[in-house]
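Trainee: Please read through the structure below; I'll follow up with questions.
The values are calculated or read from the model by the stated rules, or taken from the named source; none is laboratory data. No experiment lies behind these values; they were computed from the predicted model shown. Using ideal geometry, Cβ is built from the backbone for each residue, glycine included, and neighbour counts are taken over all protein chains shown.
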């Protein structure tokens with residue numbers, strides 16, 4: 001079985017529907033630490049320091065560009081990074097959001113101890 005991290009993001013078909021709650025919940029089981037809040041896939045990390053937070057943002061940017069699927073990134077308090085995924089073209093969550101989350105989750109990071 002192919003894991004989410006092994007998949008590629010694919011363009012959403014015109015008229016595609018967002019994932020239903022059951023499907024989103026099943027995919028979420030592959031992403032410990034992530035949650036669905038307000039119709040968005042979300043993860044918050046407290047990084048070691050500002051430099052590590054920026055390094056991770058850059059790594060996420062590279063993965064997002066390669067997948068042509070882009071998260072909202074919020075860096076506050078100099079090391080608290082919130083990552084939000086949402087498929088704008090369909091107005092909800094798609095499998096692409098979970099694929100990108102899995103790829104982000106695989107990136108190395110140094111958390112606050």
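Trainee: Looking only at region 1-17, which residues are farther than 25 Å from residue 108 by Cα and either surrounded by fewer than 13 Cβ atoms within 10 Å (Cβ to Cβ) or at pLDDT 95 or above (or both)?
Mentor: Pass one, region 1-17, residues farther than 25 Å from residue 108 by Cα: 11-17.
Correct list: 11, 13, 14, 15, 17.
Trainee: So, in region 1-11, how many residues would count as being in contact (Cβ under 8 Å) with a residue 24 or more places away in the chain and outside any loop (DSSP other than H, G, I, E, B)?
Mentor: Number of matching residues: 2.
Trainee: Let me ask another. Being on the phi > 0 side of the Ramachandran plot and either modelled with pLDDT of 95 or more or in contact with a helix residue (DSSP H, G or I) (Cβ under 6 Å, 6 or more places away or on another chain) (or both) narrows it down to one of 68, 97, so name that one.
Mentor: Details: 97 fails: on the phi > 0 side of the Ramachandran plot.
Only one candidate qualifies: 68.
Trainee: With the requirement that a residue be farther than 22 Å from residue 22 by Cα and assigned to a loop (DSSP other than H, G, I, E, B), what does region 58-93 give you?
Mentor: Those that are farther than 22 Å from residue 22 by Cα and assigned to a loop (DSSP other than H, G, I, E, B): 68, 69, 70, 71, 77, 78, 79.
Trainee: What's the total number of residues in region 12-57 that are more than 12 Å from the chain's Cα centre (by Cα), closer than 13 Å to residue 98 by Cβ and assigned to a strand (DSSP E or B)?
Mentor: Of the residues in that region, 0 qualify.
Trainee: Can I ask one more? Among 91, 77, which is surrounded by fewer than 17 Cβ atoms within 10 Å (Cβ to Cβ), farther than 11 Å from residue 41 by Cβ and modelled with pLDDT of 95 or more? Talk me through it step by step, then tell me what you get.
Mentor: Details: 91 fails: modelled with pLDDT of 95 or more.
Matching residue, one of 91, 77: 77.
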